[in-house]
1. Is region A:167-187 home to any residue that is more than 28 Å from residue B:241 (Cβ to Cβ) and facing chain B (nearest Cβ under 10 Å)?
2. On the basis of being assigned to a loop (DSSP other than H, G, I, E, B), buried (at least 17 other Cβ atoms within 10 Å of the Cβ) and at pLDDT below 95, does residue B:59 make the cut?
3. With A:315, A:290, A:279 as the choices, which residue is in the same structural domain as residue A:332 (by TED's automatic domain parsing), out of contact with any Leu (no Cβ under 7 Å at 6 or more places or on another chain) and buried (at least 21 other Cβ atoms within 10 Å of the Cβ)?
4. Of the residues A:246, A:254, which single one is within 27 Å of the chain's Cα centre (by Cα), away from every other protein chain (no Cβ under 12 Å) and of a type in the set (Val, Ile, Thr)?
5. Out of (1) facing chain B (nearest Cβ under 10 Å); (2) within 26 Å of residue B:241 (Cα to Cα); (3) under 27 Å from the mean Cα position of the chain (by Cα), what's the single condition that is false for residue A:279?
6. Quick one: is residue A:160 open to solvent by 10 Å² or more (accessible area, probe 1.4 Å) and of a type in the set (A, V, I, L, M)?
7. Looking only at region A:194-211, count how many residues are of a type in the set (Lys, Arg) and more than 8 Å from residue B:122 (Cβ to Cβ).
8. Confirm whether residue A:216 is within 27 Å of residue B:135 (Cβ to Cβ) and either open to solvent by 10 Å² or more (accessible area, probe 1.4 Å) or facing chain B (nearest Cβ under 9 Å) (or both).
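The values are calculated or read from the model by the stated rules, or taken from the named source; none is laboratory data. Note that the coordinates shown come from a computational prediction; the quantities given were computed from them, not determined experimentally. Cβ placement follows ideal geometry from the backbone for every residue including glycine, while neighbour counts extend to all protein chains displayed. Side chains are part of the model used for accessible areas, which takes the heavy atoms of the whole protein and leaves out ligands, DNA and RNA. Shrake-Rupley method; radii C 1.70, N 1.55, O 1.52, S 1.80 Å.
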Amino acid sequence: MEQLCLRSKNMKRLIIQFTTAGLIFFLLAAPQLAHAEDSILISADTVYTMNGKTLSPGQVLVVDGKIKAVGKTVSAADSSTQEIKLGPGSVLMPGLVDPYSQTGLGDDGTDERTEEITPNFKAIHSVDWEKSALRRQRENGTTTMCVSPGRQNVFGGITAIIKTYDAGNPILNEDGALIASMCSDPTASNRSRSRPDTIFVRQPTNRMGVVWMLRSTFDKVNRASAGESEFPEIKQVLTGKRPLMIYARMSHDITTVETLANTFKLSPIIVGGHEAYKVKEMLAERKYPVILDRIDTRATTGAEQSKLCWNQAAVLDQAGVTFALCGNDLLDQARFVHRHGLSREKTLAAITATPAKLLGVQDKVGMIKPKLDADLIAFSGDPLDLTSRIQWVMVNGQVLAHSKSITETNEKNNDAKLGGDSVKTKEGN
Amino acid sequence: MILKLLKQSFFANVGILTLVCLISSSFLMTSTIRAQSKNKRTQQDKPKIAIHVGKIMTAVGDPIGDGTILIKDGKIEAIGPRKKITVPDGYLVIDHSEHFAMPGLIDAHSHVGGSGDLNEMVYQTNPELRNWDQIIPHNERLKVAIAGGVTTTCFIPGSGTNMGGFGVLMKTGPGDPEDVIIRAPGVLKIAQAGNPERRTGETGSGKMGMNYVIRQQLKEGQLYVRQWDDFEKGEAAKPEFNLRLEYFKPLFRRQIPVVVHTQQYQVIQSTIRMLHDEMNLKVVIDHGTFDAYKIGKQLAKRGIPVMAGPRAFQLDRDKGQVTGIVNEYEKRGIEILGVNTDAPVIPQEELFFQATMAVRYGWSEERAIKGLTIQPAKALMIDDRVGSLEVGKDADILITTGSILDPRNFVTQVFIDGSSVYDTKKDRRRF
């Protein structure tokens, strides 16, 4: 290279080379930059629309980052439409929706340590789209995530619903549900009868305290008029204007949520639900949806000594309880619950359409249907089969390739399966 | 102080266990709930049952030899000699003519009704706390308790603070919390001396300070309830609502009792003076151990119930002799007298054995049977529903191989609200 630069003849050649490369780059990259004119037609062996039907084979037309058309055969928008033909056995499904996660929030803590009741703290102010853990979730198929403040506060704050990739407008709802805790987690760092000169000598130090803080706060806000309420977010919950997500694992904690809901006329979404199977009749009767947190199958008991039930998803489904899966690595979890008796259809719904509905973003994500965001996953085979690979993930019409950390060893294989060399990818490096 | 006393005692083990368990144990509707299985989810048509029994101890009158009990809708429909009762059609007949029947046992002091959240110890008085959100019906400990004959417990917060919160009266059988709750709030828990003692640097580290703290809190509650009472009578303006003090209403209206962790002569003196004489509360002495029985006549005069134990005997230094505490109270004329386990300090299923030991030290068998059943029911103010086998009461019935006071006998079948919840023929014998 040094030699070339010194000689004008070669220099000229180099300039031509660069110009050509630049032109090619422009031609390739321009549609991506001028996002509005993008149109992609994807053909797959199977398309799970999660909208009631499965197409086999199927085609999806993406225009302008949105789904334009879905069908057995769909005609391309125009001659410039780029075509992606997925290989034999391929499956296309909607991007996954994780309805409760702390991944995506900054590493500087998801809990406010100085106070227990912080309903006005907002998760959106802590989201880090460059976080590698978030990218990892995206590469594993999660395209929408409800990021929530943690469980160390009795009232943690306000969730945000985001895309896992910042394609310009990655926020679906920055003013989501109020998250509260009905578990022993808020007691974790509090102490009693120790040196009184620390902020951690405070309620709650056990569940009785947690219940009291929930009861008294709801009661206080309930009695205050809308204008003078200290916590407008809680007032909105009490008047049905904001959803309430409440983390409860143990069956008796879920029962306490029911008690609180009866007292204060709440419609809670229960998160965690490790022992939801024990109160399934109540959950079905009261129509409380449950966002099942992932369970650690290596231990005999879960957090707080909860008794785990590996086929709980299937049990809840049979009882008529609405539920979604959450807490990262949704695909692994879906494969697990499917292996333990939940039907294919219900399993896939629990990581796509159902959580989208619970989060109130079903008009944007969770299904493959016209006008929804083009958030898609291309699989080499059955998504619930452990041997199937994610070939690419699409967020708002942009195909995102895997980062090297995942694909290094399989890069060649991956490229071949992408469905043609012409596929443009972001963050390919 | 208590520690000192304990160290001097021969029987310190039980006491220290009490202390350790209750302090370290991080285990375990505004209006009064009087649930009576209105739950549609779990409410099924209960079978009508007729039980023929060799001997029935009703806990109210003479035993009935060769008797029959009819159960309908979870209640006792009829009870009497077999000859006098005709079993109507459609009744499931169970023959226990070789066995005894008696009311389910009632434990006046227990901590095993739910999760281990017993002590919230930031503040010294916690009238805002309640523990019935933590109920785990028919949990593993309660299953064994049933096998020991316990069908009702007074599940209360611990004694880590002077006022641990409000407890609940509940059945030990299966169901949703609303099925098993007899009354919530059931009782207030106050602890005087011993466990709630604080280090220096905080108000109320000694007995004087502790009683100051308890009294101040009760005064606040009393004033609040009085304001509401006056308002309801139309004599005063509407007071400001205070959720923290709401459960004081049934307490000061004498609809629910306060169970007091109190022991030693001196401490019980202050219990009598402050909680009974001054505050006019329905007081139940829970524990009442060490030399406290010596003040028994003062308690008897006021009709204050004593649920003694779990420390059931004490070395009387004056006499140089081990003395049964329960019988000492009996001698001093306590009418409503019973025992308790303070489970898990003594396992819940060993409640009967507390009475057995009291009998060993001189208590009469007849009084002991009552002390396990109708007397705690009276003390806890639930004797309209449980505590004896009488027409109209809950069908909480034990079938035993003989007198429960004899440890060689055991429970073969238990009915709670008319449903068989334990049967050695089907379940393995659990205790």
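1. yes
2. Details: assigned to a loop (DSSP other than H, G, I, E, B): yes; buried (at least 17 other Cβ atoms within 10 Å of the Cβ): yes; at pLDDT below 95: no.
Spelling it out, it is not the case that residue B:59 is assigned to a loop (DSSP other than H, G, I, E, B), buried (at least 17 other Cβ atoms within 10 Å of the Cβ) and at pLDDT below 95.
3. Details: A:315 fails: buried (at least 21 other Cβ atoms within 10 Å of the Cβ); A:290 fails: out of contact with any Leu (no Cβ under 7 Å at 6 or more places or on another chain).
Just one listed residue meets the conditions, A:279.
4. Values: A:254 fails: away from every other protein chain (no Cβ under 12 Å).
It is A:246.
5. For residue A:279, the failing item is (2).
6. Considered against the rule, which asks whether it is open to solvent by 10 Å² or more (accessible area, probe 1.4 Å) and of a type in the set (A, V, I, L, M), residue A:160 comes out as no.
7. So the count comes out to 2.
8. yes
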